[in-house]
Amino acid sequence: MQTQIRLLHDNQAEQEALIDFIAAYNAITREDTEPTQLLALTQRACQSALERVFKPQLAVATLSELRKSRHLSKVDVAKALHLGIDVWNKFEEGAIELVSLSQRQLQRLAEFFQVSVEQFGTLLNQSQPGFTVNRRQTREAADKEQGPCKQSFAEAINRSTMSKEEKALWLE
């Protein structure tokens, strides 16, 4: 009891939240026993509050995995973001340079997937193309490293089949 009073006295700015916490704590404990088990609803509420404070780490490594974890198709993502499917494919292939995206563009992309800007940037940097073998290519071509050429986001938008309005939306 003395500790609770000291906490309330020392943290007057958070007094309302502390009172709620102390009341909840007392509601789930008995003085003569150990704290009782939390109800399932209380556990979910606690987990939700912890996730808001401590952002959960993603269990995905690439943008493709992020999209799939949200149960979205490439077409769904492209339509929702007002991007061409060709531009979204370049994101998933790692062909878009992270440095070419403005903070505002990164924020829009990250908000769509409900991740931080830093997490989205990391996923973009980790996204790599799936290499395929072309059995008809020459030996010289096979020896060269192949994959998509890196390009800026603006360049990808300008080369896209997107409408003028969609292009303007992303390039403003």
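The table below gives the values:
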read-out: Stretch gain in nm, segment S163-C149, where the contour uses 0.36 nm per residue and the Cα spacing is subtracted; value: 2.7 nm
read-out: Projected label distance in nm at E65 and L18, using a 7 Å step from Cα toward the beta-carbon; value: 4.3 nm
read-out: Residues Q47 and D86, FRET efficiency given R0 of 35 Å [Cβ-Cβ distance, rounded to 0.05]; value: 0.30
read-out: Within-13-Å neighbourhood charge of S64 [Cβ basis; K, R +1; D, E -1]; value: +2
read-out: Region 75-123 shape via C-alpha gyration tensor axes, a/c threshold 1.5; value: oblate
read-out: Local net charge near A95, Cβ-Cβ under 13 Å (Lys/Arg +1, Asp/Glu -1); value: -2
read-out: Extension gain (nm, one decimal) between H9 and I28, 0.36 nm per residue minus Cα-Cα; value: 4.5 nm
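We did not get these values from a lab; they are worked out from the coordinates using the rules stated. Remember, predicted model here, so these are calculated numbers, not experimental data. Cβ coordinates were reconstructed from backbone atoms using ideal geometry, including for glycine residues, and neighbour counts include every protein chain displayed.
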